[in-house]
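Enquirer: I'd like to ask you about the structure that follows.
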Amino acid sequence: MKKVWASLCFGLICHITDAVAATEPRAAFNWRAAPREEQIATLTLREAILRAFARNPKIYQAAAQIHVGEADLDAAESAWYPQLSLQATGGRSRQTDSAGSLNNSGSGGITLSQLLYDFGRTGGAIDEQNKLSEAYRYALYDTMTTVAQDTLRAYLDVKRYRALADAARTNLASLRRVQEIARLRAEAGLSSQSDVLQAGTRIAGMNATLEQYRAQARSAQAQLTVLTGVVSDELPELPQSLLNQQITLDKIAYEKSAAVRSAQAKQEAALERVRQAESNHWPTIRVEAGRTRYENDRRSYWDDELQLRVEAPIYQGGLVNAKTRAAEGDRQAAEAAIQQSKLDINQHASTAYADMIGAQQRQTAGDQQYGSADHTRAVYADEYKLNKRSLNDLLSVEQDVFQADSGRLMALYDGWDATVRYAAAVDNLLDMLGIDREATSGQTLPSL
C-alpha cells in the first residue's frame, strides 16, 4: 500500500510538470542553468498554484522523501525473509581435534538463515517505517499548502499594487482637470498663475506616487514569476469561494491538519523506536542451515549443519539502556513537536482572523470615507468655479479622495491576504480552491 502511495505522489508531480511545461527532449541536468520562464496572456489563480507545484523544489523533495520511506520500509521487512549467502576462503588453516589435525587450503559453501522470533525488534522496525512513511506523506500535503499560500500572496500583491497604481492614475487625471480649471481661471483674470503652479506641484507628487506603486507592482510580479515560471499581464479576479470559510476559530480540527498529523506519525514512529530499544534485552531466535566444502592436503570433505541459533545479550556496557533512553528522548521531542504544531496553527489562525476582521472594518470605513470625500470634491469644484473656494481647498479634498480610495484598496487586499493565511493555517486552503485531496478510498491524496 505504501508503494502505491509513494508512486502516486511522485507520479503526481511528474504529471503536473508535463501538463504545464513545454514538451522538450530530456537533457542532462545542468545545475548552472537558471529556472526557465515563459510569457502567457492570462494566468488564473488555479493555474498559478499548479505551476508553482510543478516548479517548486520543496514539492519534489517531499515527494522524493516518500520514496526514501518506501525503501526503508522494504529494508525493514526484508528481515523476515530467508537470508541466503555464499562464502569462500583461500589459504592455509589448521583444525586440531582428538583424531589429529587437518591442514585446509580452502573452503566454500552456502548458508541459509531464517529469523523466527526477536521479541518485537523487526516488527517494531516495520511499524516505525510505516509511521514515518505516513509522516512523509502528510509532510508533502503541508508543503503543498505552504507553496499554495506563498503563490497566492504573491498573486494578491501584484493585483494590490496594480489596483493602487490605477487609483493613482485616476487621481492624477482628476488633478489635471483641476489644473485645467485653474489655468482657465488664470487666463480669465479670476485667479493668479500660482494656482496653476500649485496644481502642477500636486500632479508631480502624484506622478511620484504612481511610479512607486508601479515599481512595487513590478517587484511583486517578479516574485510571482519566480514562483510560477511565467510572466502574465492579465490576472483574473479572485474567486469568491476563498471568502466562504467554514472553519471557525473556536472549531479548528487540529487532528485533521497535515502538519499535526505528520508530527503525530513521527511521534508514533519514535514510540516504536523505544520498543525496539527495549527489546534488545531479549534474545534472537533463528534457524540456520549450511553446507561447506573443505579442501586439505590429505582429503576433502563436506560439513553440513542444521541448527537452531539463540543469541542473547548478557552485558554490553549499558548500550541497550543508553539506546532506550535516547529513543525515549526522541519520543518526548516528537510529542513536543505535536504541541508546537498545534500552537503554530492557533497563533497563525488567531492572528489572521484578527487581521481579517480588522480589514473588513477598515474597508467599510474606507468606503464611507471615499463616498463622503467624492461628494465633497464635486461640491468644492463647483464652488471653486464660483470663486467661493480656494484652490487649496480643492487640492486638499482631492488628496482626501485619493487617501480614501487607496486606504479602502489596501484594506480590501489585506482582507484577502488574511483570508488566505487563515485558510492555510487551518489547512483548508487547497480545498477552498477546488484542489481536492480526498481520494475515493478515504485516504488523502492531492487530486490535481
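Enquirer: Any idea which of 326, 349, 322, 333 is at pLDDT below 95 and crowded, with 18+ Cβ neighbours inside 10 Å? Talk me through it step by step, then tell me what you get.
Expert: Numbers: 326 fails: crowded, with 18+ Cβ neighbours inside 10 Å; 322 fails: crowded, with 18+ Cβ neighbours inside 10 Å; 333 fails: crowded, with 18+ Cβ neighbours inside 10 Å.
The match here is 349.
Enquirer: Of everything in segment 186-217 that's acidic (Asp, Glu) and modelled with pLDDT under 95, which residue is nearest to residue 161 (Cα to Cα)? Let's see the steps before the verdict.
Expert: Of all residues in segment 186-217, those acidic (Asp, Glu) come to 187, 195, 211.
Right, trim to modelled with pLDDT under 95 and you get 187, 195.
Numbers: 187: 38, 195: 31 Å.
The residue in question is 195.
Enquirer: Do the conditions hold for residue 168, that is, is it in contact with a Ser or Thr (Cβ under 9 Å, 6 or more places away or on another chain) and part of a helix (DSSP H, G or I)?
Expert: On the way: in contact with a Ser or Thr (Cβ under 9 Å, 6 or more places away or on another chain): yes; part of a helix (DSSP H, G or I): yes.
Judged against the criteria, residue 168 is a match.
Enquirer: Of a type in the set (Asp, Glu), touching a Ser or Thr at 6+ places or on another chain (Cβ under 6 Å) and closer than 30 Å to residue 112 by Cα: which single residue out of 272, 311 fits that description?
Expert: Values: 272 fails: touching a Ser or Thr at 6+ places or on another chain (Cβ under 6 Å).
Just a single option satisfies the conditions, and that option is 311.
Enquirer: How many residues are charged (D, E, K, R) and in contact (Cβ under 8 Å) with a residue 12 or more places away in the chain when one looks only at segment 202-242? Show your work before the answer.
Expert: In the first step, residues of segment 202-242 are kept if they are charged (D, E, K, R); the result is 202, 211, 214, 218, 233-234, 237.
If we keep only those that are in contact (Cβ under 8 Å) with a residue 12 or more places away in the chain too, we end up with 202, 214, 233-234.
Within segment 202-242, residues that are charged (D, E, K, R) and in contact (Cβ under 8 Å) with a residue 12 or more places away in the chain number 4.
Enquirer: Right, something else. Is it the case, given these coordinates, that residue 359 is surrounded by fewer than 16 Cβ atoms within 10 Å (Cβ to Cβ), of a type in the set (A, V, I, L, M) and closer than 30 Å to residue 242 by Cα?
Expert: Numbers: surrounded by fewer than 16 Cβ atoms within 10 Å (Cβ to Cβ): no; of a type in the set (A, V, I, L, M): yes; closer than 30 Å to residue 242 by Cα: yes.
No.
Enquirer: Does residue 153 satisfy the criteria of being modelled with pLDDT of 90 or more, out of contact with any Ser or Thr (no Cβ under 8 Å at 6 or more places or on another chain), among the basic types (Lys, Arg) and closer than 25 Å to residue 396 by Cα? Give the derivation first.
Expert: On the way: modelled with pLDDT of 90 or more: yes; out of contact with any Ser or Thr (no Cβ under 8 Å at 6 or more places or on another chain): yes; among the basic types (Lys, Arg): yes; closer than 25 Å to residue 396 by Cα: no.
It is false that residue 153 is modelled with pLDDT of 90 or more, out of contact with any Ser or Thr (no Cβ under 8 Å at 6 or more places or on another chain), among the basic types (Lys, Arg) and closer than 25 Å to residue 396 by Cα.
Enquirer: Look at residue 91 and say whether it is on the phi < 0 side of the Ramachandran plot, outside any helix (DSSP H, G or I) and surrounded by fewer than 18 Cβ atoms within 10 Å (Cβ to Cβ).
Expert: Details: on the phi < 0 side of the Ramachandran plot: no; outside any helix (DSSP H, G or I): yes; surrounded by fewer than 18 Cβ atoms within 10 Å (Cβ to Cβ): yes.
When the stated conditions are applied, residue 91 does not pass them.
Enquirer: Condition check: modelled with pLDDT under 85 and either surrounded by 12 or more Cβ atoms within 10 Å (Cβ to Cβ) or over 18 Å from the mean Cα position of the chain (by Cα) (or both). Does residue 71 satisfy that? Even if it seems obvious, please write down each step before you answer.
Expert: Values: modelled with pLDDT under 85: no; either surrounded by 12 or more Cβ atoms within 10 Å (Cβ to Cβ) or over 18 Å from the mean Cα position of the chain (by Cα) (or both): yes.
Taking the combined requirement at face value, the residue does not satisfy it.
Enquirer: From (1) more than 30 Å from residue 145 (Cβ to Cβ); (2) at pLDDT 90 or above; (3) not hydroxyl-bearing (Ser, Thr, Tyr), pick out the condition that doesn't hold for residue 314.
Expert: (2)
The values are calculated or read from the model by the stated rules, or taken from the named source; none is laboratory data. Here the structure is a predicted model, which is why all the values come from computation and not from measurement. Cβ coordinates were reconstructed from backbone atoms using ideal geometry, including for glycine residues, and neighbour counts include every protein chain displayed.
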